[in-house]
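Comments concern the structure below.
The values are calculated or read from the model by the stated rules, or taken from the named source; none is laboratory data. Only a predicted model underlies this, so the values are computations on that prediction, with no experimental measurement involved. Quick reminder, even Gly has a Cβ in these numbers, built from the backbone with ideal geometry, and neighbours come from all protein chains shown. Remember, those area values only see protein heavy atoms, side chains included, never the ligands or the DNA or RNA. Shrake-Rupley method; radii C 1.70, N 1.55, O 1.52, S 1.80 Å.
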Amino acid sequence: MADVTLRQVKKSYGNLNILHGIDLDIKSGEFIVFVGPSGCGKSTLLRSIAGLEEITSGELKIDGEVVNDVPPSKRGIAMVFQSYALYPHMTVYDNMAFSMKIGKESKAEIDKRVRQAAEILQLTKYLDRLPKAMSGGQRQRVAIGRAIVRNPKVFLFDEPLSNLDAALRVATRIEIAKLKESMPATTMIYVTHDQVEAMTLADRIVVLKEGHIEQVGTPMELYKRPGNLFVAQFIGSPAMNILPATIDKSGDPTIVSHVGGRKATVPIATPASVKGASVSFGVRPEDLMIAIGADYLFEGTVDYVEQLGEVQLVYVDIGRADLPLVTKLPGNVEVKRGAALRLNADPGDLHIFDADGHSFTLHMAEAKAA
Ligand SMILES: Nc1ncnc2c1ncn2[C@@H]1O[C@H](COP(=O)(O)OP(=O)(O)OP(=O)(O)O)[C@@H](O)[C@H]1O
């Protein structure tokens, strides 16, 4: 059981500022995932929590104790890396037992914990093998087992699945989800590039950009109510369509006319001051559907189709070559290149962002709360 609290955590390398004052409250037992573009500081933040990097300023607490100056081995954490870093000459059993042997645990205790971890990770029948005789996924499970036996208060994962092929990735991701269920009191913090891992594993996702937190929320909060344009386009694949638009009528609902030439009635409240303002209008590819009847949001011609089997990505020219509209339609719908297409969306799935990229949904929620 351990909360992890960060207050104004900054990290610089010389003149290079990497983390710009991170404030974050992670609750005991939570599974937190850090995501963000390459170089945004995810690993640096994780390594700072682990104590592998010294923070430049701010305060880092684990389980109520300020750990800024506490060495990694005394922080009650265990970390799993992308490269499994197993000892090649030791069996799976000895790899998992190693830290406890160093810690002078009794043989009986070591044996109990190694066997328990092996059971959780389905490694029991491999305990006598050397790492070279195991697959990448099995090796990563040993690396996770080695962390489990230490009974950490906080479990840190730095892109643990990125060296695995697609099938093993899925299998090991499910192992990690089950591991979390079997260790509900253990706080877990996980860095990934993979949206599916973030969406499926996280209790809450932290979206980082250039060393700042953009938004923290449950996967569905970030997906349904992204706080700004960056999060809207970072979460979800393909990214949300964003089109220039103007507010024709403010209030609730808001009416916008967008670059596609049509008007949309959006059930989002906007203040009177934004009437006539230029905004960004957003709709996810998967929220667009072929319009039935006279009511539609977009009209265009099919420019390109990527058939993926179960679904197809259809790129629609709505009169602006620089802004192709992407829609995700079921794979069995017949869509031909060059054909005319009208698309619609549920008004509840439409988004509007102000000129600074902030979502009006969150604006109004914040205004109400204030
Ligand atoms: N030891 C170092 N000295 C100088 N700069 C560093 C050092 N380590 C990391 N950086 C820089 O800090 C920034 C953040 O790096 P970090 O590895 O935390 O990013 P990341 O979000 O994990 O990226 P990726 O997704 O590519 O792994 C990068 O610009 C990187 O070049």
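When LEU24, LEU16, LEU6, LEU46 are screened for being touching a strand residue (DSSP E or B) at 6+ places or on another chain (Cβ under 6 Å), within 9 Å of the ligand (Cβ to nearest atom) and among the aliphatic types (A, V, I, L, M), only LEU46 passes.
When you go through ALA198, ALA239, ALA147 one by one, which is the residue that is within 16 Å of the ligand (Cβ to nearest atom) and open to solvent by less than 50 Å² (accessible area, probe 1.4 Å)? Reasoning before the result, please.
Values: ALA239 fails: within 16 Å of the ligand (Cβ to nearest atom); ALA147 fails: within 16 Å of the ligand (Cβ to nearest atom).
Going through ALA198, ALA239, ALA147 in turn, the sole match is ALA198.
Among the residues of the stretch 151-163, are any closer than 23 Å to VAL191 by Cβ and in a helix (DSSP H, G or I)? No, because not a single residue in the stretch 151-163 is closer than 23 Å to VAL191 by Cβ and in a helix (DSSP H, G or I). Could you tell me whether the stretch 120-138 includes any residue that is open to solvent by less than 50 Å² (accessible area, probe 1.4 Å), among the aliphatic types (A, V, I, L, M) and at pLDDT below 90? Among the residues of the stretch 120-138, at least one is open to solvent by less than 50 Å² (accessible area, probe 1.4 Å), among the aliphatic types (A, V, I, L, M) and at pLDDT below 90, which makes the answer yes. Scanning the stretch 335-354 for residues that are in a loop (DSSP other than H, G, I, E, B) and over 20 Å from ALA239 (Cβ atoms) gives VAL335, LYS336, ARG337, GLY338, ALA339.
Could you list, in sequence order, all residues of the stretch 287-312 that are open to solvent by less than 20 Å² (accessible area, probe 1.4 Å) and either over 12 Å from ALA340 (Cβ atoms) or among the aromatic types (Phe, Trp, Tyr) (or both)? Hits for the stretch 287-312 are LEU288, LEU297, PHE298, GLN312.
Among the residues of the stretch 50-72, is any under 25 Å from the mean Cα position of the chain (by Cα), within 16 Å of the ligand (Cβ to nearest atom) and assigned to a helix (DSSP H, G or I)? Yes.
When SER182, SER162 are checked against the criterion of being surrounded by fewer than 22 Cβ atoms within 10 Å (Cβ to Cβ) and within 16 Å of the ligand (Cβ to nearest atom), a single residue qualifies: SER162. Please verify whether the stretch 24-31 includes one or more residues that are of a type in the set (Lys, Arg), at pLDDT 95 or above, surrounded by 13 or more Cβ atoms within 10 Å (Cβ to Cβ) and assigned to a loop (DSSP other than H, G, I, E, B). Yes: one or more hits. With respect to the conditions (1) surrounded by 17 or more Cβ atoms within 10 Å (Cβ to Cβ); (2) part of a loop (DSSP other than H, G, I, E, B), TYR87 falls short on a single one, namely (1). Residues that are of a type in the set (Ser, Thr, Tyr), more than 30 Å from LEU16 (Cβ to Cβ) and buried (at least 20 other Cβ atoms within 10 Å of the Cβ) are absent from the stretch 220-236. For the stretch 110-125, give me each residue that is under 20 Å from ARG173 (Cβ atoms) and assigned to a helix (DSSP H, G or I). Across the stretch 110-125, the qualifying residues are ALA117, ALA118, GLU119, ILE120.
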